[in-house]
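Report on the following structure.
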Amino acid sequence: MKIGFIGFGEAAYCISIGLKGEGMRDIVAYDVMITHPEIGKVIEGRAAEAGVALLGSSAEVVQQADILFVAVPSSYAMDVCNDIYDHLKADQIYADVSASTPVVKEQVWNRVRDTGVLFVDAAMLGSLPLDKHKVPIMASGNGAAALSEVMTPYGMKITCASEKAGDASAIKLIRSIFMKGIAGLMLEMLQASEYYQVSDQVVKSVGNSLDGIAFQSHLDRLITGTAIHAKRRAAEIKGSIQLCGEAGIECPMTLASKNKHDLLDSYNFPEKFHGTQPKKWQEILSIMT
């Protein structure tokens, strides 16, 4: 079995170095930046370290690989697809690991489906430098199960979401709304707590509210409670914004939070639920959608 990478940046390098440790020796790659006087040297050094043979074109990689990983920036995913289309083979696994949107992944699949390839929308959900080839991958498409079957014995952690191209990327990008958003909120919280020299107490207090409780319970409690009490909580956040302003701290995430609370208030949830708090977050979303 031969693995091929189109694009040999951080993702391809980290996966390759991990697979080398699992005994995988037959890996080839091509990167358009190989001729760059500086970046090309980095690519060559990484390839040598990972035991990867660099080829002269993407077509050569496709012709040789049983499993093809397209690991390019999202803006180039469709261009690469068009470039390699004529060289694709039936039953070849084509895994697009770019951070493209679901629409782009569907476009790639629609372009290649008549070639007979097994297409995988592969979304990486962890840290490549830390996890390497064991980075959690959410996979969808008609080739998701095949990729999991072939690569799991080499330590790759692949979860099959569905047979629909785009679903895996949707999960990744929607997940990022929370994961990246909460990091921004944490930063604003810590900037303010450091200014007022109360970080230890703030961190401990938030931890007491969140630790040891299942995420599903947080969703139900916070979404339903916020919907019912949006007006009062928006007023409290207004005070938080004023506090940040007095400390000279920019707080775009906190401002956005107040705007979201104001939007929730416009639905008049207390009246809709007759003053009681619903139990599940789905009850709130069913009204908003």
| task | Go through the residues of segment 174-189 one by one and say whether even a single one is within 25 Å of Ala144 (Cβ to Cβ) and small (Gly, Ala, Ser). | result | yes
| query | Does Ser16 meet the test of being touching a residue at least 12 places away in the same chain (Cβ under 8 Å), within 21 Å of Lys157 (Cβ to Cβ) and not β-branched (Val, Ile, Thr)? | reply | yes
| query | Of all residues in segment 74-94, how many are more than 17 Å from Gln63 (Cβ to Cβ), in contact with a helix residue (DSSP H, G or I) (Cβ under 9 Å, 6 or more places away or on another chain) and not hydroxyl-bearing (Ser, Thr, Tyr)? | reply | 2
| remark: Reported set for segment 194-218 where residues are among the hydrophobic types (A, V, I, L, M, F, W, C) and either farther than 28 Å from Glu283 by Cβ or surrounded by 14 or more Cβ atoms within 10 Å (Cβ to Cβ) (or both) is Val198, Val202, Val203
| Considering residues of segment 116-130 that are outside any strand (DSSP E or B) and in contact with a Lys or Arg (Cβ under 8 Å, 6 or more places away or on another chain) only, the residue nearest to Val62 (Cα to Cα) | Val117
| task | Report, ordered by the first and then the second residue, all pairs with beta carbons closer than 6 Å, sequence separation of six or more or different chains, a first member in segment 166-189 that is closer than 25 Å to Val104 by Cβ, and a second member that is assigned to a helix (DSSP H, G or I). | result | Gly166/Pro102; Gly166/Lys105; Gly166/Glu106; Ser169/Pro102; Ser169/Lys105; Ala170/Pro102
| field | Pairs, first closer than 13 Å to Glu271 by Cα in segment 220-231, second polar (S, T, N, Q), C-beta under 9 Å, six or more apart | value | Ala227/Gln277; Ile228/Thr276; Ile228/Gln277; His229/Gln277; Ala230/Ser266
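Out of Arg232, Arg175, which single residue is among the basic types (Lys, Arg), loosely packed, with under 15 Cβ neighbours inside 10 Å and over 18 Å from the mean Cα position of the chain (by Cα)?
On the way: Arg175 fails: over 18 Å from the mean Cα position of the chain (by Cα).
The match here is Arg232.
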| message | Just to verify a result, which residue in segment 19-44, among those that are among the aliphatic types (A, V, I, L, M) and in contact (Cβ under 8 Å) with a residue 60 or more places away in the chain, is surrounded by the fewest Cβ atoms within 10 Å (Cβ to Cβ)? | response | Met24
| request: Name the residue, out of Val62, Val42, Val52, that is among the β-branched types (Val, Ile, Thr) and more than 20 Å from Val150 (Cα to Cα). | output: Val42
| request: Could you grab me the full set of residues in segment 248-276 that are surrounded by fewer than 16 Cβ atoms within 10 Å (Cβ to Cβ) and among the polar types (S, T, N, Q)? | output: Asn259, Ser266, Asn268, Thr276
| request: Could you pull out every one of the helices (runs of 4 or more DSSP H) wholly within segment 1-115 that has 3 or more residues that are aliphatic (A, V, I, L, M), more than 22 Å from Ile137 (Cβ to Cβ) and in the same structural domain as Leu125 (by TED's automatic domain parsing)? | output: 39-50
| request: Could you please let me know if Ser100 is crowded, with 21+ Cβ neighbours inside 10 Å, touching a residue at least 60 places away in the same chain (Cβ under 8 Å), more than 14 Å from Tyr13 (Cα to Cα) and not charged (D, E, K, R)? | output: yes
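The values are calculated or read from the model by the stated rules, or taken from the named source; none is laboratory data. Owing to the predicted nature of the structure, the values given are computational and were not obtained by experimental measurement. Every residue, glycine as well, gets a Cβ built from its backbone with ideal geometry; the counts of neighbours run over all protein chains shown.
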